[in-house]
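*Asks:* Please read through the structure below; I'll follow up with questions.
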Amino acid sequence: RGEVVKEGLAEATLGAGHLIWEKSFKHNWGLDLNLFGKVQLNLDHFSALRKNIFMPRKEIPDMAGWPSVPYGNVGKMRSWGWDGTLSYRDKVGKIGFEFRGNFTVTNNKVLDYDESDTRYEYQRMRGKSLNQARGYIALGYFRDSAEIVNSPVHSGQVRPGDLKYKDVNGDGLINE
């Protein structure tokens, strides 16, 4: 696809060359128990490692002059977790009943993400969960003017009752 410029034709979107299929390595194991014909437990563990994830490149600087960020097979992630069900089944006279509960616990970790090194570890995607929430950390509210003066510099005019944020990198400023 191209776009018309003053004198000629220019690329609007860069193609992604040398692509390969994403690979996923998975394993599961489970345990099923039936005790006394009344209590049943099902427990499953799962794990997956995904490599060559197709994603936008992040290490190409804007000054390279490319009109868009190219994609490539540059991501890697590990996911794991547990599923379980516990049930109790019984009968009172001719009436049968069952109580059942289930749970799922999952987690993931970005092992490789095409990003340049950042000044602070907390700004990186690598080593964190995918789509992990990021933002300012509220410590509470400013109680009085003395607390404002003895705190890291917040942007804008700060008054007692305003939110007080944590200085994560210790530079004395509350900013990105």
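*Asks:* Conditions: (1) out of contact with any Ser or Thr (no Cβ under 7 Å at 6 or more places or on another chain); (2) among the charged types (D, E, K, R); (3) surrounded by 13 or more Cβ atoms within 10 Å (Cβ to Cβ). Lys91 meets all but one. Number of the miss?
*Replies:* (3)
*Asks:* Right, something else. Kindly provide the set of residues from the range 130-148 that are open to solvent by less than 70 Å² (accessible area, probe 1.4 Å) and of a type in the set (A, V, I, L, M), ordered by number.
*Replies:* Hits for the range 130-148 are Ala138, Ala146, Ile148.
*Asks:* Those residues that are at pLDDT 95 or above, surrounded by 13 or more Cβ atoms within 10 Å (Cβ to Cβ) and either of a type in the set (D, E, K, R) or not in a strand (DSSP E or B) (or both), I need them from the range 1-49; list them, please.
*Replies:* Once the filter is applied, which keeps residues that are at pLDDT 95 or above, surrounded by 13 or more Cβ atoms within 10 Å (Cβ to Cβ) and either of a type in the set (D, E, K, R) or not in a strand (DSSP E or B) (or both), the range 1-49 yields only Asp44.
*Asks:* Can you find a residue in the range 150-167 that is open to solvent by 80 Å² or more (accessible area, probe 1.4 Å) and among the aliphatic types (A, V, I, L, M)?
*Replies:* Yes, some residue in the range 150-167 is open to solvent by 80 Å² or more (accessible area, probe 1.4 Å) and among the aliphatic types (A, V, I, L, M).
The values are calculated or read from the model by the stated rules, or taken from the named source; none is laboratory data. No experiment lies behind these values; they were computed from the predicted model shown. Counting neighbours? That spans all protein chains shown, and the Cβs are built from the backbone with ideal geometry, glycine included. Each accessible area value is taken on the protein alone, full model and side chains, heavy atoms only, with ligands, DNA and RNA left out. Shrake-Rupley method; radii C 1.70, N 1.55, O 1.52, S 1.80 Å.
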